[in-house]
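Asker: Encoded as structure tokens, here's the structure I'll be asking about.
The values are calculated or read from the model by the stated rules, or taken from the named source; none is laboratory data. Everything numeric in this text was worked out from a predicted model, so none of it was measured. No Cβ is skipped: glycine too gets one built from the backbone with ideal geometry, and neighbour counts run over all protein chains shown. Quick note on the areas: whole protein, heavy atoms, side chains included, nothing else; ligands and nucleic acids left out. Shrake-Rupley method; radii C 1.70, N 1.55, O 1.52, S 1.80 Å.
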Amino acid sequence: MDREELKNLTQAMVSSYEKHPGTVNIAQSNRLDRELIISILQEVRYVLFPGYFEEKLLSDSSISYHVGELLEDINYRLTKQVVKALQHTENGSRTEVDYVQLKARAWDIVGKFLRTFPYLRDILATDVQAAYEGDPAAFSTDETIFSYPGVYAITVSRIAHELYKLDVPMIPRIMTEYAHNLTGIDIHPGATIGSYFFIDHGTGVVIGETTRIGKGAKLYQGVTLGALSTRGGQCLRHKKRHPTLEDNVTVYAGASILGGDTVIGEGAVIGSNCFITSSVPRGTRVSIKNPELQFKDRSRQAGKGVRELGQEGFWSNKG
């Protein structure tokens with residue numbers, strides 16, 4: 001491409017920026033640093049699970065200094081990012097607001113967030129225990145903390161949820177989408193989740209913004225807790241669009257539970273691949289009737305030798 005073509009292309013791109021201002025964020029003052037936010041998220045995990053992920057060894061004599069140093073760093077760096085986030089309004093536009101006022105608000109928000117850490121430790125301890133008790137393949141609770149994608153996704157979700165409740169724009173979603181990218185588990189930071197929550201395997205799990213989950217719930221891979229329809233777009237914002245799962249509900253792989261009015265009662269069990277759009281009473285087991293399996297015996301002539309597994313569980317031959 002010659003110099004004249006480059007000049008014309010440059011002008012075309014600048015014109016495009018003017019035409020679509022919603023996809024441009026040239027201002028430096030409100031640009032969030034995604035990598036920095038992820039770094040802060042990791043530091044929060046260091047505080048919540050001390051000794052598991054840090055590179056340096058910890059000791060009883062140094063733990064107070066270590067945690068204090070982490071908290072100070074989180075407080076400083078997160079406050080700066082929250083200031084930037086607050087300049088982004090709910091409808092996606094960016095506004096210029098008095099910086100001193102924003103900094104004071106961000107300082108207050110981050111202080112409230114840091115004060116939730118003892119609570120986060122308490123509830124995450126129940127999640128770790130649920131993962132260990134709910135999976136006979138788990139060697140120890142340490143293994144679930146180190147390696148289980150469900151525990152990681154839940155940890156990030158609970159951290160992000162506290163920021164979400166404090167009306168921090170964008171940052172909670174950056175955190176949960178980072179976890180989504182790593183684990184395949186998509187939990188919106190707005191979802192409310194009770195204690196002793198376990199996601200087994202986890203890949204493909206989707207939990208929508210207005211989902212309510214009670215304590216002791218267990219989900220398997222491929223479960224969707226979603227909305228019946230999103231055609232209303234932004235008109236549906238702040239409305240209950242996703243289901244409620246009461247205490248001790250189990251949902252097996254591939255099931256979809258949809259709708260804001262859908263309530264799965266306490267202790268209910270939803271079988272694999274079920275499609276649920278209405279409420280289920282407590283203690284109910286929901287399943288799909290097993291289809292009849294057919295196997296063609298390729299060692300016999302074409303069109304013959306079809307073997308079927310009947311409902312009694314015995315093989316029979318046809319053909």
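Asker: Could you compute how much accessible surface Met1 exposes when probed at 1.4 Å, giving the result in Å² to the nearest 10?
Answerer: 150
Asker: Under a Cβ-only charge scheme (Lys and Arg +1, Asp and Glu -1), can you give me the dipole magnitude of segment 75-231 about the Cα centre, in debye to the nearest 20? The partial results should precede the final answer.
Answerer: Working: 16 positive and 16 negative charges, 114 e Å.
The calculation lands at about 540 debye.
Asker: Quick one: accessible area per residue over the chain, 1.4 Å probe, rounded to a whole number of Å²? Write out the running numbers ahead of the final one.
Answerer: Working: 18480 Å² over 319 residues.
I get 58 Å² per residue for this part.
Asker: Leaving ligands and nucleic acids out of the surface, order Thr10, Thr155, Thr244 by accessible area at 1.4 Å, largest first.
Answerer: Thr10, Thr244, Thr155
Asker: Right, another one. Taking only the Cα atoms of segment 38-184, how large is their convex hull per residue, in Å³? The partial results should precede the final answer.
Answerer: Numbers: hull volume 17.6 nm³, N = 147.
About 120 Å³ per residue, rounded to a whole number.
Asker: What ³J(HN,Hα) values, in whole Hz, does the Karplus curve 6.51 cos²θ - 1.76 cosθ + 1.60 give for segment 127-144 when θ = phi - 60°, with x put for Gly and Pro?
Answerer: Here the 3J(HN,Hα) series is 5, 4, 5, 5, 5, 5, 6, x, 10, x, 7, 6, 6, 6, 5, 4, 4, 5 Hz.
Asker: Now for a different question. Nearest 0.05, what FRET efficiency do Lys56 and Leu166 give at R0 = 35 Å with Cβ-Cβ as r? Don't skip to the answer; put the middle values down first.
Answerer: Working: r = 31 Å, r/R0 = 0.89.
My answer for the efficiency is 0.65.
Asker: Further question on the same structure: Which of the aspartates and glutamates could a cross-linker bridge to Lys240, judged by Cα under 20 Å and excluding same-chain residues fewer than eight apart?
Answerer: Partners within reach: Glu90, Glu162, Asp167, Asp186, Glu209, Asp261, Glu266.
Asker: Taking the Cα centre of the chain as origin and charging only Cβ (+1 Lys, Arg; -1 Asp, Glu), how large is the dipole, in debye to the nearest 20?
Answerer: Numbers: 36 positive and 37 negative charges, 246 e Å.
For this selection, approximately 1180 debye.
Asker: Same structure, new question: Once R0 is set to 45 Å, what does the formula 1/(1 + (r/R0)^6) return for the Cβ-Cβ distance between Thr284 and Tyr76, expressed as a FRET efficiency to the nearest 0.05? Walk me through the numbers on the way to the answer.
Answerer: On the way: r = 51 Å, r/R0 = 1.13.
Efficiency, rounded to the nearest 0.05: 0.30.
Asker: Mind checking Rg over Rh on segment 94-170, alpha carbons, Kirkwood formula for Rh? Kindly include the intermediate steps, with their values, before the conclusion.
Answerer: Details: Rg = 17.0 Å, Rh = 14.5 Å.
Using only Cα positions, Rg/Rh for segment 94-170 is 1.17.
Asker: Roughly how many whole Å is it from the C-alpha centroid of segment 19-78 to that of segment 173-201?
Answerer: Their Cα centres are 19 Å away from one another.
Asker: Could you give the C-alpha radius of gyration of segment 105-248 expressed as a fraction of 2.2 N^0.38 Å, taking N as the number of residues it contains?
Answerer: 1.04
Asker: In nanometres, what is the gap between the two model label sites at Asn273 and Ile63, each 7 Å from Cα along Cα-to-Cβ?
Answerer: 4.9
Asker: What's the extension gain from Glu35 to Arg298 if we count 0.36 nm per residue and subtract their Cα-Cα distance?
Answerer: On the way: separation 263, 0.36 × 263 = 94.68 nm, distance 5.56 nm.
Contour length minus Cα-Cα distance gives 89.1 nm.
Asker: Listed highest first by mean packing, meaning other Cβ atoms within 10 Å per residue, what order do 245-253, 12-20 come in? Show your work: numbers first, answer last.
Answerer: On the way: 245-253: 21.9, 12-20: 9.6.
The most tightly packed comes first, giving 245-253, 12-20.
Asker: Roll a 1.4 angstrom probe over the protein heavy atoms and tell me the percent of accessible area of the chain that is carbon or sulfur.
Answerer: On the way: 9620 of 18480 Å².
Carbon and sulfur together cover 52 percent of it.
Asker: In Å and whole numbers, how far do the C-alpha atoms of the chain stretch along each principal axis, longest first?
Answerer: 80, 66, 41
Asker: Antiparallel as a % of all DSSP beta bridges within the chain, to the nearest 5? The partial results should precede the final answer.
Answerer: Working: 9 of 33 bridges.
Once the DSSP bridges in the chain are tallied, antiparallel ones form about 25 percent.
Asker: Under a plain spin-label model, where a point goes 7 Å from the Cα along Cα-to-Cβ, how far apart in nm are Arg3 and Thr23?
Answerer: Spacing of the two 7 Å Cα→Cβ label points: 3.1 nm.
Asker: Could you list the residues of segment 181-213 with an amide nitrogen less than 19 Å from a label point located 7 Å from the Cα of Gln42 in the Cα-to-C-beta direction?
Answerer: Flagged as within label range: 181-184.
Asker: Let me ask another. Taking the full set of protein chains and a 1.4 angstrom probe, give the accessible area of Arg212 in square angstrom, rounded to the nearest 10.
Answerer: For Arg212, the solvent-accessible surface is approximately 100 Å².
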